[in-house]
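What follows draws every value from the coordinates through simple rules; no lab data is involved. This is a predicted model, so every value here is computed, not measured.
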Amino acid sequence: MKKKILFATTMMLVITFALIANTAIGIRIDPRLKVSREKLTEITSFDQGVSGWKLFSLPFDASVSMDEIRVTYDGEVMTLNQASNANIICRHIYVYDNEMNNWKFSSKFESGNGYMVYVYVNDEVTLSAVGIYNDCDEPIPLGIGWNYFGIPLSSTIPISGLRFSCTKMRLKNLNINQAHGILIDKNMFHATNTNNPFYKLVNLDSDLIIPGNVYLLVGLVDGVEMSYVSTFR
């Protein structure tokens, strides 16, 4: 009996030593086991059923690097590179430049901007960022022409909560109806991501701004800033 106990104790010591030694020399551990324990803030979730181009924005106040993006697919949490290597989502993400009116490659993600990524799978894919973030109350600058934007809030707000200002024209806090024809065009669109993506004309009186989604409108003059009324949150 004593021999069996001694043998078992010896084996436990050997196993423990082996684990310590393997860790010390850098044994390869599945990186997904590491990222699954990180604290994450969800950016958006792409619904199952449609692969293709998807638009998204940050629903919080942050500047997030590529390395801080996490992809959740089929219950697994991965880095962006891991998800790309697994043919789930493309590692190349684009941002719309509201001043130059074109898409360009992006290496980081900031509040207020509209981003685009290609999803290869038809199942649900969720994007998150490492860390815990707060809402943002900074105004979003708009350029002349098309503007892609998202509101960096964690909860929905009505479109009637948007405000538009232009220092050059001495205009401040106009609601969306007051700004029409002066600072912005009359129409506003929502990128729904249902058809690579599908741009839906929004109802200014009843539709809501959804966290993580992207919206489009046309700016008519330089120097316009868009803000949102905090009391609507």
Violating pairs (Cα-Cα greater than 29 angstrom) within the set 104/186; 39/172; 54/186; 104/172; 39/186: 39/172; 104/172; 39/186
Under the 0.36 nm per residue contour assumption, what length would be gained going from the current alpha-carbon distance of residue 132 and residue 225 to full extension? 30.8 nm
